[in-house]
Structures are given as structure tokens and as C-alpha cells.
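Trainee: Structure incoming, see below.
Every number in this text was worked out from the coordinates using simple rules, so none of it is lab data. Keep in mind the model is a prediction, meaning the values are calculated, not measured. With ideal geometry, Cβ positions are generated from the backbone for all residues, glycine too; neighbour counts draw on all protein chains shown.
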Amino acid sequence: MRASLVIKNIDSLITIRGENRARYGSETRDMGEIKNGIIAVDGERIIYIGEGDLPAEIEIDKDTEIIDGRGTTVTPGLIDSHTHLVHAGSRENELDMKLKGVSYLEIMAAGGGIHSTVKSTREASRDELYDQSLKSLNRMLSYGITTVEAKSGYGIDDFSTEIKQLEVARDLNRDHPVDIISTFMGAHAIPEKYKENPEEFVHIIINDMIPEVAKRNLAKFCDVFCEEGVFTIDQSRRILLAGRKYGMEAKIHADEIKTLGGAELAAELGCISADHLIAASDRGIEKMAEKKIIANLLPGTSFNLQTGHFANARKMIQLGVPIALSTDYNPGSCPTENIQLIMSFASLIMKMTPEEVIHGVTINAAAALGIEKEVGSLEVGKIADIAVFDSENLAYMIYHFGINNTKTVIKKGKIIYN
Ligand code: NIG
Ligand code: FE
């Protein structure tokens, strides 16, 4: 067998080998590390993983790309499983209010926050939206990301803007090597027009928007911002069940700010992931553990909301909840594409070990997107999505925080960032 690409002499080759499913509890202590590792790829797929040299049956020729992995940590390509990638504008104008202690929900209730980005995204042309999102996508790639989830939700009742966002995500997925998986999130805020009668908007989402998004095949998942003053538990349940009826699996922004029972709802519905969970109840976490619902934690958002509250990752791990970690990249609650910073926050603030952290941005993130059979770990037969970091071990890159440790990124066997 001939190798098209080989990375050799890898200080720390982190394979995350094991079953193709979200890992939890003590399983996440073993990251399948190989010291002095070597990995060979043929075309899009991995053909060999081991220590030292290649076995005789793997041939190398003059066209084989050889990467010297000395001084590096090599991991599965990182996966950002919760972002609001496609949006226009920015919200640095809210910084002053935030510093004066005005809360996220107060800014939103006063017509700012998400509503402000809705306005910019409605006004942006398709090309402007594409260009701004492309810039962010390139930045994500530079941090080692090979797959990203992208939500709509900045059109809300302006359905053509929701469609515009989803189509830009689709086009970027077609044009860019990083894979983009789309989520429909029309239920992101209650539009001004429906403030007095949110049920009317819920009705439109369920009866008009979801069937149309499904018909156009624009989203794999359906998500809802289940929060005080946004969508209630009952409304979220109905929206997510409608999404499921049309083939979109359920995700939920759950218990981000107020303890509403979002974690419990995620367990009840069997959501593929429940995201945020900063204010999740103990009962909710226990129910998620029973059903093995993936907790997608977003510590960058906690940091940026300045409330001092972070999701209780240690309790979740202790109870056996599988944990994914994401940026939540968006212009309001987490304006950063830097997944490595999120990994550091997860460790330094939420007390997750480097082993637990790397599961959260690889196999568990893949499972949160339903792609764990193809990516998320480095094993023979899986897709060769690989990140090479300028760091002799994983702990170093988590400890040396806020910088970009990426050296090389490989997508489907091809070098796409160097
Ligand atoms: O995940 N909470 C709702 N949605 C995003 C924020 C979006 C925004 O503020 O623009 C979040 O935090
Ligand atoms: Fe979000």
C-alpha cells in the first residue's frame, strides 16, 4: 500500500482511539497517546498508525508528502460543534454597557443584542455575509479546526435572511476545505413584532419555516434558545419536535443564564446535545447522565458574559455526562474563533484535565454533530482530518494559553494550512 502523506517522529500522537461514540467518565482519561508516533494516509483516509517507523507493507515514493513531527503534538482535526459563524457586523458598542453591569438579557430586551445582529445580517448582501464568514472560517482553520457547525438565527421572523444565512453556510461548505454542518435556529429571539404574542411566531416557525428548511435540505439540526424572556420550555419542546418530524435532530441552548429546565427537556427529548448548561439544575444533569446526552460546554461565553458562572463540568464528568467543548463563536456572547483558548478555559476555569478537554473537541464534538463514525479520532479507515501543533505535549498548549499553537492542518489527507 502506498502512502500519499506521512507524519513521522511525532512527540505526542493523540489518537482518541476507541469506540466511535461520545466518551464519558473515566473513559476520557485515556487519549490513546503514542510517543514517537507515526501516521500514514492514502488519499482521504488513514492507513496506518503506530510508533517508530512504517512497516514494510506501507510504501513511500517521491510524491509522498513527508512531515517531520519532531516537537509536535498531533491530534484529530479539531471540531467546533457550536457556532453562529454566519452573521454580519459586530457588537463592540455593547462593551460599555456590559462594563457598567447591564446584563446580556437586559441588552437584548432593550432591542440590542441578538436584535442588533439581526438588523446587520438582514442589511448585509449575500456577498458581504459570505466574505465576513469566510474570514472567520479561515481564522478557525488556523486554530486547527477541520469541521464546524453553523447556526442560522439572525433573520428570525425575516425568513429570507434565515435562508440567506443557511445558503451562505452551504456555499462556504462547498467552496472551503473545512466542513460546515448547518443548524436551523429561527427560534433565536422573539421578534419585536411578536413581543405581545410570541405564540404566533412559534406557530410560523413550526408550520412554515421548519417544513421549508427541510424541503430545501438546508439544515441537519434544529436548535432553540430556551431562556427566560426568549422561548419557554413548552415552546422549545414543540419547536424541537417539529424539527425532528422533518428530519432535523434536536439541539438546545439550555439553561445558559436562568435555570429553566432546559437540561431536563434535552433528556426528555433525547437531544443530540444540550448546550451551555451554565445554570443547569442538579436534577437536569442527572437526567442527562442517565440518557447520555452530550453536554456541549462553552466556557468562552461564561467568560465574556462576566457573571462569574461556568458550567459544572466536574459534576457532569463525575455523573457520566459526555462533554463536548465549543467556542459558541458569535458577535454577542462570545466573539472569538479561538478553540484553543476555549480548551485553556475549560481546563483552567472548569478544571477539566487535558485528556478530558481533547475528547471534548474531537470525538465528543463529532458525536454532537453525528459524524463520529468518520472523524473525531485517528484510526485506520477513518478520514484523515489531522491537526499538528507546535507543542511537545497537549498539556503545554493548554497551559500556554491565548496563543495559536497550530503548525499544520490536514483535511481529508491534504495540507490545507501550514
Ligand atoms: O449561544 N444565546 C443565544 N445565542 C448565542 C448568542 C447570540 C448573540 O448574542 O448574538 C449564544 O450565546
Ligand atoms: Fe450559541
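Trainee: What is the residue count in region 308-350 for residues that are within 12 Å of ligand 1 (Cβ to nearest atom) and among the polar types (S, T, N, Q)? Walk me through how you get there before you give the answer.
Mentor: In the first step, residues of region 308-350 are kept if they are within 12 Å of ligand 1 (Cβ to nearest atom); the result is 326-335.
Keeping just the survivors that are among the polar types (S, T, N, Q) gives 326-327, 330, 333.
Within region 308-350, residues that are within 12 Å of ligand 1 (Cβ to nearest atom) and among the polar types (S, T, N, Q) number 4.
Trainee: Name the residue, out of I190, I181, I210, I205, that is within 21 Å of H276 (Cβ to Cβ), of a type in the set (A, V, I, L, M) and in a helix (DSSP H, G or I).
Mentor: On the way: I190 fails: in a helix (DSSP H, G or I); I181 fails: in a helix (DSSP H, G or I); I210 fails: within 21 Å of H276 (Cβ to Cβ).
Going through I190, I181, I210, I205 in turn, just one is within 21 Å of H276 (Cβ to Cβ), of a type in the set (A, V, I, L, M) and in a helix (DSSP H, G or I): I205.
Trainee: Condition test on E196, is it without any contact (Cβ under 8 Å) to a residue 40 or more places away in the chain and not in a helix (DSSP H, G or I)?
Mentor: So E196 fits the description; yes.
Trainee: Same structure, new question: Sort out which residues of region 329-342 are outside any loop (DSSP other than H, G, I, E, B) and under 12 Å from the mean Cα position of the chain (by Cα), and write them in order of number. It would help to see each step written out before you state the result.
Mentor: At the first step, the residues of region 329-342 found to be outside any loop (DSSP other than H, G, I, E, B) are 330, 334, 339-342.
Selection gives N330, I339, I342.
Trainee: L348 fails exactly one of the following numbered conditions: (1) farther than 24 Å from A150 by Cβ; (2) touching a Leu at 6+ places or on another chain (Cβ under 9 Å). What is the number of that condition?
Mentor: With respect to (1) farther than 24 Å from A150 by Cβ; (2) touching a Leu at 6+ places or on another chain (Cβ under 9 Å), L348 is out only on (2).
A quick yes/no check of all residues on (1) under 23 Å from F310 (Cα atoms); (2) in contact with a strand residue (DSSP E or B) (Cβ under 7 Å, 6 or more places away or on another chain); (3) without any contact (Cβ under 8 Å) to a residue 60 or more places away in the chain; (4) part of a strand (DSSP E or B):
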| site | (1), (2), (3), (4) |
| --- | --- |
| K351 | yes, no, yes, no |
| L378 | no, yes, no, no |
| K407 | no, yes, no, yes |
| I416 | no, yes, no, yes |
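Trainee: I49 - would you say it is closer than 20 Å to K412 by Cα, touching a Lys or Arg at 6+ places or on another chain (Cβ under 6 Å), hydrophobic (A, V, I, L, M, F, W, C) and assigned to a strand (DSSP E or B)? Step through it out loud before you land on a result.
Mentor: Details: closer than 20 Å to K412 by Cα: yes; touching a Lys or Arg at 6+ places or on another chain (Cβ under 6 Å): no; hydrophobic (A, V, I, L, M, F, W, C): yes; assigned to a strand (DSSP E or B): yes.
For I49, the condition - closer than 20 Å to K412 by Cα, touching a Lys or Arg at 6+ places or on another chain (Cβ under 6 Å), hydrophobic (A, V, I, L, M, F, W, C) and assigned to a strand (DSSP E or B) - is not met.
Trainee: Got at least one residue in region 81-102 being surrounded by 17 or more Cβ atoms within 10 Å (Cβ to Cβ), among the polar types (S, T, N, Q) and in contact with a strand residue (DSSP E or B) (Cβ under 7 Å, 6 or more places away or on another chain)?
Mentor: yes
Trainee: In region 381-402, how many are in contact (Cβ under 8 Å) with a residue 60 or more places away in the chain and assigned to a loop (DSSP other than H, G, I, E, B)?
Mentor: The total comes to 10.
Trainee: On the basis of being more than 16 Å from ligand 1 (Cβ to nearest atom) and buried (at least 16 other Cβ atoms within 10 Å of the Cβ), does A40 make the cut? Reasoning before the result, please.
Mentor: Numbers: more than 16 Å from ligand 1 (Cβ to nearest atom): yes; buried (at least 16 other Cβ atoms within 10 Å of the Cβ): yes.
When the stated conditions are applied, A40 passes them.
Trainee: For region 153-174, give me each residue that is more than 16 Å from T83 (Cβ to Cβ), part of a helix (DSSP H, G or I) and out of contact with any Phe, Trp or Tyr (no Cβ under 9 Å at 6 or more places or on another chain).
Mentor: F159, S160, I163, K164, E167, R174
Trainee: Please find, among S152, S120, the residue that is over 30 Å from V388 (Cα atoms), surrounded by 15 or more Cβ atoms within 10 Å (Cβ to Cβ), under 25 Å from the mean Cα position of the chain (by Cα) and away from ligand 2 (no atom under 16 Å from the Cβ). Don't jump to the end; show me each part of the working.
Mentor: Details: S152 fails: away from ligand 2 (no atom under 16 Å from the Cβ).
Of S152, S120, the one residue that is over 30 Å from V388 (Cα atoms), surrounded by 15 or more Cβ atoms within 10 Å (Cβ to Cβ), under 25 Å from the mean Cα position of the chain (by Cα) and away from ligand 2 (no atom under 16 Å from the Cβ) is S120.
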